[in-house]
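Only one structure is covered here, and it is reproduced in the block below.
The values are calculated or read from the model by the stated rules, or taken from the named source; none is laboratory data. This is a predicted model, so every value here is computed, not measured. As a convention, Cβ positions derive from the backbone with ideal geometry for all residues, glycine included, and neighbour counts pool all protein chains shown.
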Amino acid sequence: MSSRVALCMAIICLGGCQQATRGPRTAPVIPRDAARFDIDAVDDSTARFRLKEVRWIRPGMSVYAVDALQRDALVARLRVLSIDGESATALVTSQVARVNTSHVLLVSHAARPWWRAAQFWSGAAIGTVLGATAVSASK
């Protein structure tokens, strides 16, 4: 019994160590289909931009400022602080150069939660049917 417990503990520890020793985090990749917004005003640490007809932007989302003249070179990373009707304010969290009104903001759609994906529910339904069939066939 104690050898089984020791084996389980070793597996858990080795699995945890393997996850903890993964390489450094890589920079996020900005999707090509990210929405582009012109910057209306820039303060010391914030940028304001118009939302136009977009309604899916929420506070807390990540925004990237890029220089369109430099083939979308990354200028800064921002986080949406607030939304005021037709405009939003984003806080600069890190920057390579100062953000100005000639730059463009890129916002990518938030990832869809796993429980809202049709692929998850179809897999759950198929698994349930196959499991019920296997149980009824074994009786």
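Taking only region 55-76 into account, find how many residues are among the charged types (D, E, K, R) and part of a strand (DSSP E or B).
Of the residues in that region, 1 qualify.
Restricting attention to region 77-90, does a residue exist that is touching a residue at least 12 places away in the same chain (Cβ under 8 Å), touching a Pro at 6+ places or on another chain (Cβ under 7 Å), assigned to a loop (DSSP other than H, G, I, E, B) and surrounded by 12 or more Cβ atoms within 10 Å (Cβ to Cβ)?
Within region 77-90, not a single residue is touching a residue at least 12 places away in the same chain (Cβ under 8 Å), touching a Pro at 6+ places or on another chain (Cβ under 7 Å), assigned to a loop (DSSP other than H, G, I, E, B) and surrounded by 12 or more Cβ atoms within 10 Å (Cβ to Cβ).
Would you check which residues across region 73-124 are farther than 15 Å from ASP38 by Cα, over 19 Å from the mean Cα position of the chain (by Cα) and either of a type in the set (Ser, Thr, Tyr) or at pLDDT 95 or above (or both) and list them?
Selection gives SER122 alone.
Since LYS52 meets every condition but one in (1) of a type in the set (Lys, Arg); (2) in a strand (DSSP E or B); (3) modelled with pLDDT under 90, which condition does it not meet?
For LYS52, the failing item is (2).
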